[in-house]
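Colleague: Have a look at this one before I ask anything.
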Amino acid sequence: MNTSELIYFDNNATTPLDERVLESMLPYFKNDFGNSSSSHHFGKRINNAVQKAREQISSLLNAEPKEIIFTSGATESINLGLKGCAIAYQSKGKHIITCKTEHKAVLDTCKYLEQIGFEVTYISVKNDGIIDIEEFKNALRKDTIIVSIMWVNNETGVIQPIEDIIELTHENDSIFFTDATQAVGKIPIDVYELDIDLLSFSAHKFYGPKGIGGLFIKRGIKVDTQLHGGGHEYGLRSGTSNVPAIIGIGKACEIALEEMKVNSEYVKYLQNELEDRLLQIKGTYSNGNKSNRIYNTLNICFPSFDANFFIDKYKNIAVSNGSACTAALVQPSHVLIEMGLSEEQALGSLRLSLSKKNTIEEVNELINIITTYLKR
Ligand SMILES: Cc1ncc(COP(=O)(O)O)c(C=O)c1O
């Protein structure tokens, strides 16, 4: 397929690479190919570039460069943060709290931790996708070591009230971890102001390369190493550094910091257009809390609609429905089901996630296609 014809509204799955990010990475595939751990001058020069990237990330998050660990992406960061912390603090307690609408990377890591002797409480969400705070308060215990609540939901864009959750978590003397994969690079984040203990992210969600991400670990928080070897990343994550990708995530963070305001206003305008006009279709409604939602994500339920069929029918449109396909069986999104939608409603919902590269012409075309399809 010619990608110039592609109407791409699946930016929560991945974003296109920013040209400037690509440019910044290219020298590190060619002349600057060195190993950042080598002790010669060539290696040291590469290491300086890696440290610069660490600084670019820490500026975006208002962290210290030493508090950033490079990983292969959010999934690895979540595994390192949750397993590493659970093991490091197990003498204090073995109870963890998370939420039912988290990404599978968190839910499956928690399931694994249950298998090795930890106890996990999964908190419900209300119909609008916001965590049930009362249920959360009641779940906190003396032996709760970690609370893991995502910042922005990848399917609905719902933003959790993490300020309140952090306060309650710290009052209980527990550690707060947030999967911020859909927040970093999109909304302002200040880990110090919010007193976040651990935070995970992936570059490809904000115009950076795939296969690189990071974990913020507040100074003083203990994390047990999950990848042993040459002692890279302060001994927490061994393995030769993926230098071009590290340079790329650094550049993506720098651009995000500079252009976040302009981009968010532009994308919000596109989102408003898309939502307002789609909601004019009879029987259509938005899933998730509208006033606590990120500016690039819509999740819309259409009447008598089979989202999978639609996605399959239009080969030049990339949208998502959050369902999982296992053994030829299409399962509705666990997030929408937890929000109280029926299976039919969940399977009739589309996630439309926008980026700075989208245009109003694409928005118009998508609306036309959906409207025509529904009329038939
Ligand atoms: C909220 C959230 N967490 C974690 C991940 C996993 O990110 P990655 O596949 O880059 O490891 C994703 C990716 O979709 C996500 O949206």
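The values are calculated or read from the model by the stated rules, or taken from the named source; none is laboratory data. Computed from a prediction, not measured in an experiment: that's the story for all the values here. Counting neighbours? That spans all protein chains shown, and the Cβs are built from the backbone with ideal geometry, glycine included. Side chains are part of the model used for accessible areas, which takes the heavy atoms of the whole protein and leaves out ligands, DNA and RNA. Shrake-Rupley method; radii C 1.70, N 1.55, O 1.52, S 1.80 Å.
Colleague: Tell me which residues come under 5 Å, amide H to amide H, from residue 285 once H is placed; ignore anything under 5 positions away on its chain.
Modeller: 301
Colleague: Which one of 238, 39, 24 has the biggest mean-square fluctuation once the chain is modelled by GNM with Cα springs under 10 Å?
Modeller: 39
Colleague: Then there's this: Peptides 129-141, 349-361: what's the order by average Cβ count within 10 Å, highest mean first?
Modeller: Numbers: 129-141: 16.7, 349-361: 20.2.
So the peptides 129-141, 349-361, ranked by packing, come out 349-361, 129-141.
Colleague: Between 127, 185, 95, whose Cα lies farthest towards the positive end of the dipole of the range 60-203 when Lys and Arg beta carbons carry +1 and Asp and Glu beta carbons carry -1, centred on the Cα centre?
Modeller: Of the listed residues, the answer is 95.
Colleague: Where Rh denotes the Kirkwood radius from the mean inverse Cα pair distance, what is Rg over Rh for the range 234-306?
Modeller: Here the Rg-to-Rh quotient is 1.21.
Colleague: Could you state the number of Å between the C-alpha centres of the range 66-106 and the range 264-326?
Modeller: After rounding, the separation between the Cα centres reads 30 Å.
Colleague: Provide the solvent-accessible area of residue 279, counting protein heavy atoms only and rolling a 1.4 Å probe, rounded to the nearest 10 Å².
Modeller: Accessible area, nearest 10 Å²: 50 Å².
Colleague: Using a cut-off of 17 Å between alpha-carbon atoms, which lysines can reach residue 222, once sequence neighbours fewer than 8 places away in the same chain are excluded?
Modeller: The reachable lysines, counting only those whose Cα sits under 17 Å from residue 222, are 66, 83, 92, 94.
Colleague: Largest first, what is the accessible-area ranking of 40, 232 with a 1.4 Å probe?
Modeller: On the way: 40 95, 232 35 Å².
Descending order: 40, 232.
Colleague: Hey, another quick one. Could you list which residues have their amide H under 5 Å from that of residue 71, counting only those 5 or more apart in sequence or on another chain, with H placed in the peptide plane?
Modeller: 213, 214, 215
Colleague: Next question. Under a GNM of the chain (C-alpha, springs under 10 Å), which listed residue has the highest mean-square fluctuation: 145, 281, 300?
Modeller: Highest fluctuation of the listed residues: 281.
Colleague: Express in whole angstrom the spacing between the alpha-carbon centres of the range 141-196 and the range 114-131.
Modeller: If we compute the Cα centre of each part, the gap is 14 Å.
Colleague: Right, something else. Given axes a ≥ b ≥ c from the Cα gyration tensor, I'd like to know whether the range 123-255 is rounded (a/c under 1.5), prolate (a/b larger than b/c) or oblate.
Modeller: Numbers: a/c = 2.36, a/b = 1.41, b/c = 1.68.
Oblate is the answer for the range 123-255, as a/c is 1.5 or above yet b/c matches or exceeds a/b.
Colleague: Simple spin-label model, 7 Å along Cα-to-Cβ: residue 227 to residue 39 in nm?
Modeller: 2.4 nm
Colleague: Longer than 28 Å from Cα to Cα, which of 137/261; 100/142; 111/142; 44/104; 104/126; 186/218 are they? Say none if no pair is. Numbers along the way, then the final one.
Modeller: Working: 137/261 34 Å; 100/142 22 Å; 111/142 21 Å; 44/104 38 Å; 104/126 19 Å; 186/218 21 Å.
Long pairs (Cα-Cα over 28 Å): 137/261; 44/104.
Colleague: Something else about it: Per-residue counts of other Cβ atoms within 10 Å, averaged by peptide: what ranking do you get for 107-114, 241-248, highest first? All intermediate terms of the calculation are to be shown ahead of the outcome.
Modeller: Working: 107-114: 17.8, 241-248: 23.5.
Listed from highest to lowest mean packing, they are 241-248, 107-114.
Colleague: Accessible area per residue for the chain in Å², computed with a 1.4 Å probe and the full protein assembly in place, what is it?
Modeller: Details: 16340 Å² over 376 residues.
Heavy-atom accessible area per residue stands at 43 Å².
Colleague: Still on this structure, I have one more. Among 227, 199, 61, which one shows the highest mean-square fluctuation when the chain is modelled as a Gaussian network with alpha-carbon springs under 10 Å?
Modeller: 227
Colleague: Sticking with this structure for a sec: Which whole-number percentage describes the relative contact order of the chain, with Cα contacts under 8 Å and a sequence gap of 6 or more? It would help to have the intermediate numbers written out before the result.
Modeller: Numbers: 722 pairs, mean separation 87.5, N = 376.
Once divided by the residue count of the chain, the mean separation gives 23 percent.
Colleague: Note the per residue figure in Å³ for the convex hull of the C-alpha positions in the range 41-106.
Modeller: Numbers: hull volume 8.5 nm³, N = 66.
Given the Cα convex hull of the range 41-106, per-residue volume reads 129 Å³.
Colleague: Give me a comma-separated list of calculated 3J(HN,Hα) values for the range 253-263, in order, Karplus coefficients 6.51, -1.76, 1.60 applied at θ = phi - 60°, integers in Hz, x for any Gly or Pro.
Modeller: 5, 4, 5, 4, 4, 6, 10, 4, 5, 4, 4
Colleague: Hey, what's the per residue convex hull volume over the C-alpha atoms of the range 95-139, in cubic angstrom?
Modeller: Per-residue hull volume (Cα only) is 53 Å³.
Colleague: In addition: If a paramagnetic tag sat 7 Å from the Cα of residue 315 along the Cα-Cβ line, which residues of the range 1-40 would have the backbone N under 15 Å from that point?
Modeller: 1-7
Colleague: Sticking with this structure for a sec: Quick check: at a probe of 1.4 Å, how many percent of the accessible area of the chain sits on carbon and sulfur atoms?
Modeller: Details: 8290 of 16340 Å².
About 51 percent, which is the carbon plus sulfur part of the accessible surface.
Colleague: Starting from the Cα gyration tensor of the range 1-65, take the square roots of the eigenvalues, sort them a ≥ b ≥ c, and report rounded, prolate or oblate (rounded when a/c is under 1.5, otherwise prolate if a/b is larger than b/c, else oblate).
Modeller: Working: a/c = 3.91, a/b = 1.68, b/c = 2.32.
Oblate.
Colleague: Could you list, bin by bin from short to long, the percent of Cα-Cα pairs of the chain in 10 Å steps?
Modeller: 5, 23, 31, 25, 13, 3, 0
Colleague: Scan the range 212-308 for trypsin sites (Lys or Arg not before Pro) in coil per DSSP, keeping those whose Cβ has at most 15 other Cβ atoms within 10 Å, and list them by number.
Modeller: Working: sites: 218, 219, 222, 237, 251, 261, 268, 277, 282, 290, 293; in loops: 218, 219, 222, 282, 290.
Loop-located and lightly packed - 219, 222, 282, 290.
Colleague: Over the alpha-carbon set of the range 251-362, divide Rg by the Kirkwood Rh and report the Rg/Rh ratio to two decimals.
Modeller: Details: Rg = 15.4 Å, Rh = 15.3 Å.
Ratio of gyration radius to Kirkwood radius for the range 251-362: 1.00.
Colleague: Counting only residues 5 or more places away or on other chains, whose amide H sits under 5 Å from the amide H of residue 321 once H atoms are built in the peptide plane?
Modeller: 351
Colleague: In whole Hz and in residue order, list the ³J(HN,Hα) couplings for the range 203-218 that follow from phi through the Karplus curve 6.51 cos²θ - 1.76 cosθ + 1.60, θ = phi - 60°; x for Gly and Pro.
Modeller: Per-residue couplings from phi come out as 5, 6, 8, 9, 6, x, x, 7, x, 9, x, x, 10, 8, 10, 4 Hz.
Colleague: If you place +1 on the Cβ of every Lys and Arg and -1 on the Cβ of every Asp and Glu, how big does the dipole about the Cα centre of the chain come out, in debye to the nearest 20? Could you put the intermediate results ahead of the total?
Modeller: On the way: 38 positive and 47 negative charges, 162 e Å.
Rounded to the nearest 20 debye, it is 780 debye.
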